[in-house]
Every structure is written in C-alpha cells, then in structure tokens.
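The values are calculated or read from the model by the stated rules, or taken from the named source; none is laboratory data. These figures come from a predicted structure and were not determined experimentally. For accessibility, only protein heavy atoms count, side chains too; no ligands or nucleic acids. Shrake-Rupley method; radii C 1.70, N 1.55, O 1.52, S 1.80 Å.
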Amino acid sequence: MKLLIVEDEEMTREGLLKSLPWDEIGITEIIQAQDGMQGLAMAIDEHPGIILCDIRMPRMDGLTMLEKVHDVHPDIVSVLLTGYAEIEYLKKAITLDVIRFVEKPVNIEELTEALRKAAERGINYERQQESAQIHSTVVASRLAYQMTFPYDSCKTVIESLYQDFLVHYGTDKFQYVTSFIVRPEEFSEDSMLLYSIGQKLHDRLLPGHYHVIYTDRVPRDIIYH
C-alpha cells in the first residue's frame, strides 16, 4: 500500500522513514510532501492509500488539505500528527474519518499501531471497491447482451439492468447513457481489430463530450455504453 507523508519538518520525515517497521505495517511505497499545498497535489495525482500528515504546516494546514483531498478521493485513510489538541481540530477530524491523532513527540509504537489500523481499513476499502467493480461489470455485460435483442421482447429486463447499471456507475458522472451496437461485416476474434474499432468510436464521440465507459463482446456484436 502507498503512503504519503506530509510534514514540513525534514528531520521528522527522515526520523519516521528510519524508525517505523514499514514492511510489517504493509506499506510498500512511501512518497513525501513538504507542506499542505504540495501534499494536496501529490495526494490527488498519486492517490495513496494512507496519508500521514501534520496539522500545522505552511501554506495549508493538514485538515484543510485532507478536506480537499477527500473531495476527490474519499477512500483515502488519514492519520494526523499534532502537538495541538484544540477541540476545533478534533471536531473537524471526525468528519474526515481520521483514524487517530498521534501527538508529538511521536511514540513509535503508538504511530505503528495507528498506521496498522489505517492499512487494514485501506485494504477493506480496496476489497469493497473490487467487489463493486466486479458486480458492475457483470451488470453491464448482461445489459449489453440483452440489448442485442428486440427491445419489446425484453423491455422489463433491460430497464431493470439499466437502473442497476446507473447505481453502480454513478448518475453524477453522466446525465444519460447511449448504447452503440457495432456488427462488423466480417466476424473476427482479432483483439487488435476490436480495439481499433473501439478507438475510432471513442475518437468520434470525444468532441461531443461523450465517453465510452463500458465495452462488451457478445456473439457477433460489440456493444459500447
């Protein structure tokens, strides 16, 4: 699991890197940021599983940074380092689902335990997302197959699958779905040919702000949602 350390004190960052049993915790990659602004940019681009950050930092404090990060990646788990215990920080941290506050100077055993719990929660998030993705792919595949038949003969099934499809893909991502059924003149299992057809369709749709969000191959047809 990837971890982002956001801490303006270089000595603290170096101490954390040398002192914690990262392999034991389950951290396989560590990236670093020097303040909240840099941390925000790195968190959005790199999408780490865990953020370990200080509260008081130049340019942007840790809680403000986490709030902005969670707008983009709400699944990121956070652990906060702080020498301050003001009640307003505690209240705000609760809304951001922070795992734990660890006070400075850092107790290595306490921080290790906090990060271990964060890693466990991060793994649970990943499993939930994988399960949801598998289900949504199955739903989209069934919908694609049903749409190769005359609509009147399977209207109820199509509408039911379509509603399930919207639930899993999120209606906030688009206003409606259009499905294209492509039937090549000559049947072929050539994966590069299928990719080429999909790419051409994608290029045609892009100027109109359409995006191909699912593709499936059924007996002689290729279906794009």
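Numerical summary
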item	result
Filter result (hydrophobic (A, V, I, L, M, F, W, C) and either at pLDDT 90 or above or open to solvent by 50 Å² or more (accessible area, probe 1.4 Å) (or both)) within segment 80-93	ALA85, ILE87, LEU90
Set ILE25, ILE51: member being at pLDDT 90 or above, closer than 25 Å to GLU126 by Cα and not hydroxyl-bearing (Ser, Thr, Tyr)	ILE51
